[in-house]
Amino acid sequence: QVGLVESGGGLVQAAGSRRLSCAASGSILKIKSMGWYRQAPGKQREFLAASYSEGINKYADSVMDRFTISRGNAKNTVYLQMNSLKPEDTADYYCTAAVVVGGPYRDLEVWGQGTLVTVSS
């Protein structure tokens, strides 16, 4: 079993900051990448940022000036630092990871259950 647990969601005022955390657990042989998506009410899930095992980070154009993705020292955690938040950033934020598991050896894409961020004006 492989799982992701997000934390850090909540209510924040516009122009404020919030840091989301996500931890992977389970029988993981390798984490290829970890990233963040969000889904606002009535909208499709949107890519925000990803961190790859090669040390490369990628961002959506819409958030690259305000959001920063980083990995923990243990590499099984990922963070999303969100600054200058706007009401339109209100959404459920999801962590995802591309991992390699054994028994049998295979690639797996894992999603967390999401954490709600509400930005008040």
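What to note about this one:
- The stretch 1-67: GluC sites (Glu not before Pro) in DSSP coil with no more than 16 other Cβ atoms inside 10 Å: E54
- For the stretch 64-121, the set of chymotrypsin sites (Phe, Trp or Tyr not before Pro) satisfying both a DSSP loop assignment and a count of at most 11 other C-beta atoms within 10 Å is given as Y105.
- Karplus 3J(HN,Hα) series, Hz, for the stretch 8-17 with 6.51 cos²θ - 1.76 cosθ + 1.60 (x for Gly, Pro): x, x, x, 9, 9, 7, 4, 6, x, 10
- Applying the Karplus relation 6.51 cos²θ - 1.76 cosθ + 1.60 with θ = phi - 60° to the stretch 20-31 yields 3J(HN,Hα) values of 9, 10, 8, 10, 9, 9, x, 7, 9, 7, 7, 9 Hz, where x marks Gly and Pro.
- Point-charge dipole on Cβ atoms (K/R +1, D/E -1) for the chain, about Cα centre, debye to 20: 200
- Couplings 3J(HN,Hα) of the stretch 72-89, computed from phi: x, 4, 7, 6, 9, 10, 9, 10, 10, 8, 10, 10, 6, 5, 10, x, 6, 7 Hz, in residue order, whole Hz [Karplus 6.51 cos²θ - 1.76 cosθ + 1.60, θ = phi - 60°; x for Gly and Pro].
- In loop segments of the stretch 1-99 as defined by DSSP, the trypsin sites (Lys or Arg not before Pro) with at most 16 further C-beta atoms inside 10 Å of their C-beta are K43, R45, R66, K75.
Each reported figure results from applying straightforward, stated rules to the coordinates on display, with no laboratory input. None of the values given here were measured: they were computed from a predicted structure. When we count neighbours, we look across all protein chains shown, and the Cβ atoms used for this are built from the backbone with ideal geometry, even at glycine.
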